[in-house]
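No value in this document is a laboratory result; all are computed from the given coordinates. Remember, it's a predicted structure, so these values are computed and weren't measured experimentally. Here the Cβ positions follow ideal geometry from the backbone for every residue, glycine too, while neighbour counts run over all protein chains shown.
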Amino acid sequence: MITDKFLKGRQGVELGYEERIAIEQAVSEVRVIPPRTLLIEAGKPLRHSVFIIEGMMCRYISDRDGLRQLVGLHLPGDFIDLHSYILNRLEHDIASLTEARIALVPHDRIRPLVADPELGRKLWFSTLLDAAMHRVWLFRLGRLDAMGRVAHFLCETDARLRAVGMSDGHRFALDLTQTDLAEICGVTSIHMNRILRQLREEGLCTYRQSFVEMIRSDLLARRGQFDDGYLYLDDDVVRATKPAFAGLDT
């Protein structure tokens, strides 16, 4: 099923078979888009929401010089813009970072989905989870130093991928450039190179050939002040690698 990763591994909102069927029947089109492709432009009217089946996409806002600040990263299983069903437009752009396979769900087909009390609650949970991650994204950029931002981001990405079965808690694929990571963490590409080297030299993690290896995820989490509570992971997902998140005292 193309929705098998949607809300997978989240507390109390695992979708049932019939609920997944209902969402999939609402899909009007499945499309593959190339990497680095603008999909949604800020301010443009929207008539559908986008669900990621494969690949990675991002939200970003560009300044008047065309330099962008990433404000969100989206992974397989994410409904990128479910809230556009209510807003009808977005105040930011959305683009692919890698090749992505997406499903389009017209807004008029979302209406009967949210009318179902239980499924509507789960779709609402998806948008609230998005908001929780955005708040922590602001904390990361505003309060952590450069290395802390990178450490936190890598821990967060590992946790999100664990939830959908794409990380074993020790190693995961991250097909992003150092420039992408710099834009996510609000540093220059040169500084990002230094940070990744320092994380490697300190034996915390490595990032080589699009793979991240979490060597000491406990210390990496401590360095980034990372606590996965805002991700609302199912207890089974947390228990699989709980030592990585225990005792995050400074």
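Scanning residues 5 or more positions from residue 59 or on other chains, those with amide H under 5 Å from its amide H are 71, 72, 73, 74, with H placed 1.01 Å from N in the peptide plane. Distance between the modelled labels on residue 29 and residue 194, one decimal in nanometres: 4.6 nm (7 Å Cα→Cβ projection). Dividing the summed -39500 (n - 2.57) terms of all DSSP H runs of n ≥ 4 by the residue count of the chain sets its mean residue ellipticity at 222 nm at -12500 deg cm²/dmol. Once the Cβ-Cβ distance between residue 107 and residue 21 is put in as r, and R0 is 25 Å, what FRET efficiency do you end up with, to the nearest 0.05? The value I calculate is 0.80. Could you calculate the FRET efficiency of residue 121 with residue 41 from 1/(1 + (r/R0)^6), where r is the beta carbon distance between them and R0 is 41 Å, rounded to 0.05? Calculated value: 0.85. Put in line by how crowded their Cβ is, counting other Cβ atoms within 10 Å and starting with the fewest, 207, 17, 232 read 17, 232, 207. Rounded to the nearest 10 degrees, the angle from helix 189-201 to the longest Cα principal axis of the chain is 60 degrees. Scattering from the range 1-61 was approximated by placing one identical point on each alpha carbon and applying the Debye formula without solvent; log10 I(q)/I(0) at 0.13, 0.15 1/Å stands at -0.46, -0.61.
With labels modelled as points extended 7 Å from the Cα through the Cβ direction, what inter-label distance (nm, one decimal) is found for residue 67 paired with residue 114? Output for this residue pair reads 3.7 nm. Using only side-chain charges placed at the Cβ, +1 for Lys and Arg and -1 for Asp and Glu, the dipole size of the range 66-162 relative to its Cα centre rounds to 160 debye. According to the Cα-based calculation, Rg over Rh for the chain is 0.96, with Rh computed by the Kirkwood formula.
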